[in-house]
Amino acid sequence: MTRFIIDPGAAIRLVEQGIQLPNNHTLLAPTLLLSQILDILYSRVRNGNLTEEAGMEINGIFAKLKIRYLGDAVRHRRAWTLAAKAGMGSTSNAEYFALIQLQGDALIAGVRRQKQTGPNSPDAGSVR
């Protein structure tokens, strides 16, 4: 079984494209993902890129995805350490890297992540 960590872009794309994951794979995400999805959908509605009805529908479908949410103190400490070591401006992306280190096999990112500020910013190839 492969454990995939998904970010907000990947989660929204799974819903919008109706992608079904085989049963032998597991989706993992930090609890932060729930708030990020809501924020992205709300922003799309506010910007006129999505109707409120469509935004709420996508959020409802997303809520039904089988995702194991993790939000423990160990991951939070790891995210803090990674962000501090890399000189990142926030811990948001570091939460995904921490989850990969602790429990994941791979990261599925829906959009290309902007380079983090800081000379030692981690990338997908350097998280292990």
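Data overview
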| quantity | calculated |
| --- | --- |
| Count - residues of the stretch 15-35 that are surrounded by 15 or more Cβ atoms within 10 Å (Cβ to Cβ) and in a helix (DSSP H, G or I) | 4 |
| Verdict on G110 being in contact with a Gly (Cβ under 6 Å, 6 or more places away or on another chain) and outside any helix (DSSP H, G or I) | yes |
| Any chance G89 is in a loop (DSSP other than H, G, I, E, B) and within 14 Å of the chain's Cα centre (by Cα) | no |
| The stretch 93-107: number of residues that are touching a Leu at 6+ places or on another chain (Cβ under 7 Å) and either charged (D, E, K, R) or part of a helix (DSSP H, G or I) (or both) | 7 |
| Output for the stretch 36-54, where each listed residue is without any contact (Cβ under 8 Å) to a residue 24 or more places away in the chain, assigned to a helix (DSSP H, G or I), of a type in the set (A, V, I, L, M, F, W, C) and closer than 16 Å to R13 by Cα | L38, A54 |
| Verdict on G9 being assigned to a helix (DSSP H, G or I) and either of a type in the set (F, W, Y) or at pLDDT below 95 (or both) | yes |
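The values are calculated or read from the model by the stated rules, or taken from the named source; none is laboratory data. In this text, all values refer to a predicted model and were calculated from it rather than measured experimentally. Please note: Cβ atoms are built from the backbone with ideal geometry, for glycine as well, and neighbour counts cover all protein chains shown.
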